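A.B. asks: Please see the structure below; I have some questions.
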């Protein structure tokens, strides 16, 4: 490529654009809070300084990033693209000290994993233990989230890999097969259905239910099916995990729905019986979410391959 002669200006497209982390951090805060004033308050900086940083970003990138309106701001298409890139860059910067400490202690790399409670309870303890045995130099940071939040975290680069119960979504992630499970009905050992082998959901919809926290894939499935049947779902209590769900069911607060075999973790102390659900929707698929498999770090890709190998084995 020809170099510019002395005194000759470089072509505009050859200009190197340098972005500083603070500007990216402030831009991300503006999008997340929906206004420059709110972002300034969150980041403890003057609103005028935030506005100036955004204007400089738009000037350097040559594209408007925000639409201003009476209630605040909204990102343009270019702004949304920058948001994902900025989060990725800021996360990488945050990881630098950790990665360097890891090298000093013998660790090599980190994978951010998020998963729903079904995957964490049933499959991940054993699968991650075998991965850690094979790759002791890799740190796994695991966060428990519902399926919707898991997919969103991967799409927004808040996580490298996610494990979720398959559902229709519009997030920009690559979905890969992992495991399958089946839901069953949980009842107390003295409940009238305790000796039944199977039951249809429609036949128990008049009963009170103990459910998981709002946003769980199981809750959404039960709500959708009750709506399809045109009958209300009586969710009496919501809890945060299957252990609490089993304990509440055992005490007669209602029946629950959980993956088959879950009571083995708490039986026989809790006194809960499993009854098979005949409904087709009771069969579920757990999947892995990544932004792009070919863009994962070597450690992230090894983890995905290991989880799939565990499922296949």
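Here, each number is a calculation from the coordinates, and none is a lab measurement. Predicted model, so just to flag it, every value in this text is computed and none were measured. As a convention, Cβ positions derive from the backbone with ideal geometry for all residues, glycine included, and neighbour counts pool all protein chains shown.
A.B. asks: What does the convex hull of the Cα atoms come to per residue for the range 268-313, in Å³?
C.D. replies: That works out to 167 Å³ per residue.
A.B. asks: Does anything in the range 271-289 have its amide N under 19 Å from the 7 Å Cα→Cβ label point of residue 194, and if so which residues?
C.D. replies: Once the point is set 7 Å along Cα→Cβ of residue 194, 271-277 turn out to lie under 19 Å by backbone N, inside the range 271-289.
A.B. asks: Based on the Cα coordinates of the range 17-83, what is the per residue volume of their convex hull in Å³?
C.D. replies: Each residue corresponds to 74 Å³ of Cα convex hull volume.
A.B. asks: Set the Förster distance to 22 Å, then compute FRET efficiency between residue 126 and residue 283 from the Cβ-Cβ distance, nearest 0.05.
C.D. replies: Calculated transfer efficiency: 0.50.
A.B. asks: Could you sort 85-93, 156-164, 168-176 so that the peptide with the highest average Cβ count within 10 Å comes first and the rest follow in order?
C.D. replies: With the highest mean Cβ count within 10 Å placed first, the list reads 156-164, 85-93, 168-176.
A.B. asks: What is the fewest-to-most order of 310, 246, 184 by other Cβ atoms lying within 10 Å of their Cβ?
C.D. replies: 310, 184, 246
A.B. asks: Compare 203, 143, 279 in a GNM of the chain, Cα atoms joined below 10 Å, and give the one with the largest fluctuation.
C.D. replies: 203
A.B. asks: Another one. Which log10 I(q)/I(0) values does the range 179-290 give at q = 0.24 Å⁻¹ under the Debye formula, counting every alpha carbon as one identical point scatterer?
C.D. replies: -1.59
A.B. asks: If you don't mind, another one. To the nearest 0.05, what FRET efficiency results for residue 206 and residue 78 with a Förster distance of 51 Å applied to their C-beta separation?
C.D. replies: E(calc), rounded to 0.05, equals 0.45.
A.B. asks: For helix 217-229, what angle does its Cα long axis make with the longest principal axis of the chain, in degrees from 0 to 90 and rounded to 10?
C.D. replies: Taking the Cα atoms of the chain, the angle to 217-229 is about 60 degrees.
A.B. asks: Based on DSSP H runs of at least 4 residues, each adding -39500 (n - 2.57), what is the mean residue ellipticity at 222 nm of the chain after dividing by all its residues, to the nearest 500 deg cm²/dmol?
C.D. replies: -13000 deg cm²/dmol
A.B. asks: Just want the ordering: 165, 150, from fewest to most Cβ atoms lying within 10 Å of their own Cβ.
C.D. replies: Listed from fewest to most nearby Cβ atoms, that is 165, 150.
A.B. asks: For Cα extents along the principal axes in Å, the choices are [x] 97, 65, 35; [y] 50, 40, 35; [z] 90, 52, 34; which was calculated from the structure?
C.D. replies: Correct label, based on the coordinates given: [z].
A.B. asks: Based on alpha-carbon centroids, what's the gap between the range 114-136 and the range 213-248 in Å, whole number please?
C.D. replies: Computed from Cα coordinates, the inter-centre distance equals 25 Å.
A.B. asks: Any idea how far apart residue 85 and residue 182 come out in nm if each label point goes 7 Å out from Cα toward Cβ?
C.D. replies: Simple spin-label model gives 4.9 nm for this pair.
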